[in-house]
Amino acid sequence: MDTEQKVKVLLIDDHKLFREGVRRILEFEPEFHVVAEGSDGSEAEQLVEDYQPDVILMDINMPKMNGVEATSELIKKYPNIKIIILSIHDDENYVTHVLQTGAQGYLLKEMDSDSLIEAIKVVNDGGSYLHPKVTHNLVKEYRLLTKRSKKSGSNSSQANKDDPLYLLTKRERQVLQLLAEGKSNKAVAESLYISEKTVKNHVSSVLQKMNVKDRTQAVVEAIRKGWVEVG
């Protein structure tokens with residue numbers, strides 16, 4: 001694949017060993033090209049100007065300027081920039097704060113290579129991506145809020161014949177349930193004894209039928225309408 005056709009990735013993290021690990025993973029993928037590396041958020045703007053990356057992998061904790069501050073500054077100057085935050089924190093408050101700055105992705109540093117690759121592809125295509133564990137925590141929090149709302153007497157939104165749930169096949173509903181449980185494509189494939197490619201096809205179909213951009217929106221909508229159960 002020609003270098004110009006590859007997804008250009010900028011990696012910003014103050015741990016050199018971690019950067020080297022991520023770079024090596026991406027070097028094995030023909031779709032990606034790590035165009036540059038930085039060790040602090042204060043370097044981000046200049047690196048973006050110099051290399052014009054498609055996707056930025058940004059550490060959340062750095063000494064001079066952290067990833068949240070750097071993301072906020074970059075979004076102001078480059079509203080369409082695509083940023084994935086790398087973090088050790090899975091608390092929903094961290095995640096919510098980061099997403100409010102404009103980042104399109106949030107990955108835990110305990111991620112496997114499949115999650116990293118999938119996240120870059122999804123974000124580069126215009127979607128958003130949360131680490132499965134983070135998604136699970138957000139969904140649990142949302143479910144608690146929904147239960148409180150029901151107890152307080154708020155109207156409950158139930159599925160009806162106009163809901164896209166009725167357009168989903170049995171297999172697509174199974175995939176949606178597993179996504180709500182925070183499973184990655186690989187884990188969904190293993191649970192249902194199907195290939196990852198088939199899972200991706202099912203996910204794409206679910207998103208289209210639900211008229212949402214990414215899996216996170218699909219899960220939140222499914223929880224809101226009571227289509228899935230999350231423990």
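The values are calculated or read from the model by the stated rules, or taken from the named source; none is laboratory data. Fair warning: this is a prediction, and the values are worked out from it, not measured in the lab. All Cβ positions, even for glycine, are placed from backbone atoms using ideal geometry, and neighbour counts span all protein chains on display. Please note that ligands, DNA and RNA were not included when accessible areas were found on the heavy atoms of the full protein model with its side chains. Shrake-Rupley method; radii C 1.70, N 1.55, O 1.52, S 1.80 Å.
Structural remarks
- Odd one out for Val139 among (1) at pLDDT below 70; (2) open to solvent by 30 Å² or more (accessible area, probe 1.4 Å); (3) outside any loop (DSSP other than H, G, I, E, B); (4) out of contact with any strand residue (DSSP E or B) (no Cβ under 8 Å at 6 or more places or on another chain): (2)
- Candidate set from the stretch 23-80 (those that are without any contact (Cβ under 8 Å) to a residue 12 or more places away in the chain and under 22 Å from Met111 (Cα atoms)); member that is least open to solvent (accessible area, probe 1.4 Å): Glu27
- Scope the stretch 61-90; condition closer than 10 Å to Gly102 by Cβ, hydrophobic (A, V, I, L, M, F, W, C) and over 18 Å from the mean Cα position of the chain (by Cα); matching residues: Leu74
- Of all residues assigned to the stretch 151-165, at least one qualifies as being modelled with pLDDT under 85, assigned to a helix (DSSP H, G or I) and surrounded by 14 or more Cβ atoms within 10 Å (Cβ to Cβ).
- Filtered residues of the stretch 28-43 (kept if in a helix (DSSP H, G or I) and within 21 Å of the chain's Cα centre (by Cα)): Gly41
- Checking each residue in the stretch 196-213 for being among the hydroxyl-bearing types (Ser, Thr, Tyr) and open to solvent by 60 Å² or more (accessible area, probe 1.4 Å) picks out only Ser204.
- Selection from the stretch 207-231 of residues that are farther than 21 Å from Val134 by Cα and free of Cβ contacts under 8 Å to residues at least 40 places away in the same chain: Gln208
- Flag for Val9 being open to solvent by less than 10 Å² (accessible area, probe 1.4 Å) and either of a type outside the set (Phe, Trp, Tyr) or assigned by the TED database to the domain that holds Gln104 (or both): yes
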